[in-house]
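Bear in mind these aren't lab numbers, they're just calculated from the coordinates by the rules spelled out. Note that the structure is predicted; figures quoted are calculated from it, not measured. Neighbour counts run over all protein chains shown; Cβ positions are idealised from the backbone, glycine included.
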Amino acid sequence: MAISPSIMTTYGRIDIAFTHGKGSFLFSEDGNRFLDYASGIAVNAFGHCHPKLVEALTEQANKLWHTSNLYRIPEQEVVAEKLVANSCAERVFFCNSGAEATEGAVKVARRYAWANGEKDRTEILCATGAFHGRTLAMLAANDRPLFREGFGPSAQGFTHVEWGNIESLKKLIGRHVAAILVEPVQGEGGARKAPDGYLKLLKDIALENGSLLISDEVQIGMGRSGTLFAYQQEEIEPDIIALAKGLGGGFPVGAVMAKAEVGDAMVPGTHGSTFGGNPLAMRSANAVLDLLLEDGFLQSLRDTIRYFDNKMDELILNDKNNFSVIVRKKGSGMLRGFELNENYTAADFGNIAREKGLLLVGAAENTIRLLPPLNTSKEEINMAFELLNQVILEIKKK
Ligand SMILES: *Cc1c(COP(=O)(O)O)cnc(C)c1O
């Protein structure tokens, strides 16, 4: 059946609808089962209908859904304190999406400079390949000229430097730069991990220049890197962190986290959100955090990541035995990808995988992205790589 014309055509949708999900699996209307290694684009951090999330949300649904940020929201205070206790941040603002989190982060950075009397410090340095969301301001932060087409004048104050290139950054940094905005691992940009030590260098340069470092962890944060936050692997402290996707495990919620001095530039009236951090969203985020922080979880996740990484190497080795489809493995943690030979497209690869019951997501650089739930089992990983092997054999025949 064709999709309803009442839906605005912003997506070229795949003609499948799902009726339910359980763990790492989704079930479609026509009765097929799929191993979901797309996770709603890194959102379903604990798969579908995790009992702890269902329990938290249904309990809250029977009690109280929404009040307003005009009042205290105790559930928000619980989540904020957990985020603060487990990160370098000291202040948290809750919103509803990734774009709101990154844009909120930019507002905080600019406001902090302004509050310090530096009225001209407004510039945000972004990286090539960056993706930070779809609001008008974030369109200027993205390195996607096509996304800006037809949407009028761009927001001012965003400049792009070459991803991973410190020298080009040094040339552009100056007293006018409020912050460097960067994804420790680019998701949409093609599952690209920053070179080792890159974040540390960015932080040093920012510090020296009086600028802030914003870590956009909307996709890689909340455990997907193997640590709770990706920046923790570089032993640095960003001034601001943007979160969303995995934070609610499927419930829409985002957060801007900041160091105390920076966050305190936001005084009453400077920012707001009607829905941000409502009790339902907070109970979801709280349940996700509890699962991530459960004794031994992150450790076992790192084992799973190593296992997954070995499977990636194995697949490449197998592929090389005849004619390679895969150019190289990419990404980090549970945000991984395979860059494909130019003779094959990520879209074709994804379509064949789906026909075989495996859901993946495309990304830039002809990359097919793998975003498994963080609690996926070794059996499921084996199954995924068995299917990937079949996809490679089949795509070669085309
Ligand atoms: C998805 C994403 C965003 C935007 O999130 P939305 O919830 O779609 O607004 C921002 N930054 C990164 C790194 C993302 O992956």
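Between 0 and 90 degrees, the angle of helix 297-320 with respect to the longest Cα principal axis of the chain falls at about 50 degrees. Add -39500 (n - 2.57) for each DSSP H run of 4 or more in the chain, then divide by its residues: what number comes out at 222 nm, to the nearest 500 deg cm²/dmol? It lands at -11500 deg cm²/dmol. Quick one: go through segment 211-246 and flag any residue whose amide nitrogen is under 14 Å from the point 7 Å out along the Cα-to-Cβ line of GLU59. Counting backbone N atoms under 14 Å from the label point, the list is empty. To test your reading of the geometry: what angle, between 0 and 90 degrees and rounded to tens, separates the Cα axis of helix 51-61 from the longest principal axis of the chain? It is inclined by approximately 50 degrees. Post the alpha-carbon centroid distance, segment 232-286 to segment 25-76, in whole angstrom. Each part reduced to its Cα centre gives a spacing of 18 Å.
For the peptides 58-69, 160-171, 134-145, residues were scored by their other Cβ atoms within 10 Å and the scores averaged per peptide; the highest-first order is 134-145, 160-171, 58-69. Remark: spin-label model distance THR270-LEU393 equals 6.0 nm, labels positioned 7 Å along the Cα→Cβ axis.
Fewest Cβ neighbours within 10 Å first, please rank ASP216, ASP295, ASP196 accordingly.
Least to most surrounded, the residues fall as ASP295, ASP196, ASP216.
Considering only beta bridges that DSSP places wholly inside segment 52-292, some 40 percent are antiparallel. Compared with the direct C-alpha span, the chain from HIS66 to LEU298 gains 80.3 nm at full extension, assuming 0.36 nm per residue.
Taking the beta-carbon count within 10 Å as an exposure proxy, list PHE18, PHE34 from fewest neighbours to most. Intermediate results must be reported in sequence, preceding the final value.
Working: PHE18 15, PHE34 20.
Result, fewest neighbours first: PHE18, PHE34.
Centroid-to-centroid, using Cα positions, segment 369-398 and segment 117-169 are 35 Å apart. Between ILE16 and PHE147, the distance separating the two model label sites (each 7 Å from Cα on the Cα→Cβ line) works out to 2.5 nm. Backbone geometry of segment 368-380 corresponds, through the Karplus equation with coefficients 6.51, -1.76 and 1.60 at θ = phi - 60°, to 3J(HN,Hα) couplings of 9, 9, 10, 10, x, x, 5, 9, 5, 9, 5, 4, 5 Hz, x marking Gly and Pro.
In this structure, the amide hydrogen of LEU212, modeled 1.01 Å from its nitrogen in the peptide plane, lies closer than 5 angstrom to those of ALA179, ILE180, counting only residues at least 5 positions away or on a different chain. Here the Karplus curve 6.51 cos²θ - 1.76 cosθ + 1.60, taken at θ = phi - 60°, turns the phi angles of segment 175-181 into couplings of 5, 8, 8, 6, 7, 9, 10 Hz, with x standing for Gly and Pro. Within segment 19-62, whose backbone N sits under 14 Å from a point 7 Å along Cα→Cβ of GLU379? Counting backbone N atoms under 14 Å from the label point, the list is 23-25.
Amide hydrogen proximity for GLY249: with H placed 1.01 Å from N in the peptide plane, the residues at 5 or more positions away or on another chain lying under 5 Å are ALA45. Does segment 330-398 come out rounded, prolate or oblate by the C-alpha gyration tensor, with a ≥ b ≥ c the root eigenvalues, rounded set by a/c under 1.5 and, if not, prolate when a/b is larger than b/c and oblate if not? Cα axes put segment 330-398 in the oblate bin.
The string of couplings for segment 347-354 from the Karplus curve (6.51, -1.76, 1.60, θ = phi - 60°) is 5, 4, 4, x, 5, 5, 4, 5 Hz, one whole number per residue in order, with x for Gly and Pro. Residues whose amide H lies under 5 Å from that of ASN96, counting only those 5 or more places away or on a different chain, are GLY254; hydrogens are built 1.01 Å from N in the peptide plane.
Going from the fewest other Cβ atoms within 10 Å to the most, the residues LYS398, LYS82, LYS200 appear in the order LYS398, LYS200, LYS82.
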